[in-house]
1. Identify all residues within the range 229-270 that are among the aliphatic types (A, V, I, L, M) and under 25 Å from residue 295 (Cβ atoms); write none if there are none.
2. From the list 265, 250, which residue is touching a residue at least 60 places away in the same chain (Cβ under 8 Å), out of contact with any Leu (no Cβ under 8 Å at 6 or more places or on another chain) and closer than 23 Å to residue 5 by Cα?
3. Go through (1) over 17 Å from the mean Cα position of the chain (by Cα); (2) in contact (Cβ under 8 Å) with a residue 24 or more places away in the chain; (3) on the phi < 0 side of the Ramachandran plot and name the single condition residue 13 misses.
4. Restricting to the range 304-362, count the residues that are farther than 19 Å from residue 7 by Cα, free of Cβ contacts under 8 Å to residues at least 60 places away in the same chain and in a strand (DSSP E or B).
5. State yes or no: is residue 373 more than 14 Å from residue 312 (Cα to Cα), touching a strand residue (DSSP E or B) at 6+ places or on another chain (Cβ under 8 Å) and surrounded by 17 or more Cβ atoms within 10 Å (Cβ to Cβ)?
6. Provide a single number: the residues in the range 201-222 that are away from the ligand (no atom under 12 Å from the Cβ), small (Gly, Ala, Ser) and in contact (Cβ under 8 Å) with a residue 60 or more places away in the chain.
7. Return the total of residues in the range 298-345 being surrounded by fewer than 24 Cβ atoms within 10 Å (Cβ to Cβ) and among the polar types (S, T, N, Q).
8. Taking the residues in the range 258-273 that are within 15 Å of the ligand (Cβ to nearest atom) and of a type outside the set (A, V, I, L, M) as candidates, determine which candidate is surrounded by the fewest Cβ atoms within 10 Å (Cβ to Cβ).
Amino acid sequence: MDIGEFNSHASVRFNHLFYDGVDTVELASHYGTPLYVVSESAVRERCSSVRKAFLEKYPNTRAVYASKAFQTLDMCRIIDQEGLGIDVVSGGELFAALKAQVNPGAIVFHGNAKTLDELEYAIENDVGRIISDNLREISEVERIAARLGKKVKLLYRITPGVDSHTHRFISTGSLDSKFGIPLDSSVRNDYMRAVLNSPHIDFRGFHFHIGSQIRDNFSHLAALGVALKLIVDVHTDYGFDVSELNLGGGFGIRYLPGDPETELGYFLDPMMQLIRFEMEKAKIPMPMVTIEPGRWIIGEAGITLYELRSVKTIPGIRTYVGVDGGMTDNIRPALYEARYHAISANKADWSHDTVVTIAGKCCESGDILVKDVGLAEPKPGDIVAVFSTGAYNHSMASNYNRIPRPAVVMTTGEGRHRLSVRRESYEDMLIREF
Ligand code: LLP
């Protein structure tokens, strides 16, 4: 298959994989491997699609980028320039977003077990929204806001009780979930009373997020149905009209050449229609609608380059090729059985007919990056490119086996590239130790 059909920022020139017009083999030799390469132009294109398919298409809408997918100062600045807000889930993510000078009002703060320090930090800095996940937190927010003389805009996250069709580790919407507030009327009434009676809480509405890498729109629509029923119930029972509804993220992307491309509109158009329909029927004003895409913005924008270090053929069983990275830079295959596509970046024109399993360098048999993929006559010294590694790779990287985390290079089209995050050194890894 033509690699450009799979990833429009990839092309083959002079037998090398080019990414955003940059020779990846040169990138590997210039910056070293493993190397995360993120196309800034791809990120900006995705943001532009969010604007066209959602923000400009529907009035009174917002989009915040779920920065847990990939958070760097550079990325926060790009997202901010593109007119999207930032979703954070910890004091650390909030700190970075503020350091990048993101407008605090455009920040949405999530978390099922936020600490008091985190809540204080968020409220002191006037974050745009706090998404509350439990009753105790609501009273803590009220107390802190009262002390600081602030009024906090707050939504609460519901558990819609729908199963999303994705790996169970990244499914969050079912009833048995650590996330969200169940909607049994007993629980719901306590919540509603708490938020409506808190003078320092400006209660805006509800949030749901049902999981990640979801390819069909059924579970989003089912969850939305539950949220809309709640909006109508709250209107009837409390005479309160929510002013905001946050639909979360979870929109799936392409990992393998056979995966279909999914437009945002496939998820969002029927959802927006359903919201309008139910609100008109119940004579409730349209709430502001927010989405929180993470993977959809960054996932396909990133590739990872590795140097191939070993080739081991077990006759009649399989050929392992070992690369100089692994589960420390991409935990997703080990954690979620995630599948990826890879090619030989320095032999990109050759036929990729040697079927191999790409193994990482960690002391774990489960450290397998890609199973059964065709490479081109693999030899030590080759550069292997793995696609769609932008989301939840860099942000979930670790130092297991004291392996330094890779650098991040951003490409900006027309052959330009810049170092965005430098490679971790051995010294960096000891910096906290006495
Ligand atoms: N909003 C909330 C409240 C979330 O919890 C998440 C992701 C998102 C938005 C963004 O979801 P996305 O659009 O990226 O699917 N580490 C896992 C994914 C965990 C997702 C956690 N929450 C993975 O690598 O697949």
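The values are calculated or read from the model by the stated rules, or taken from the named source; none is laboratory data. Since this is a predicted model, take the numbers as computed values, not measurements. Ideal geometry is used to build each Cβ from the backbone, glycine not excepted, and the neighbour counts take in all protein chains shown.
1. 245, 247, 253, 256, 264, 268 - these are the residues of the range 229-270 that are among the aliphatic types (A, V, I, L, M) and under 25 Å from residue 295 (Cβ atoms).
2. None of the others qualify; the one that does is 265.
3. Result: residue 13 fails condition (2) only.
4. Count: 13.
5. Spelling it out, residue 373 is indeed more than 14 Å from residue 312 (Cα to Cα), touching a strand residue (DSSP E or B) at 6+ places or on another chain (Cβ under 8 Å) and surrounded by 17 or more Cβ atoms within 10 Å (Cβ to Cβ).
6. Going through the range 201-222 one residue at a time, the tally reaches 2.
7. First, pick out the residues of the range 298-345 that are surrounded by fewer than 24 Cβ atoms within 10 Å (Cβ to Cβ): 307-320, 322, 324, 328, 331-342.
Cutting the leftovers down to among the polar types (S, T, N, Q) gives us 310, 313, 319, 328.
Of the residues in that region, 4 qualify.
8. Per the stated criteria, the residue is 263.
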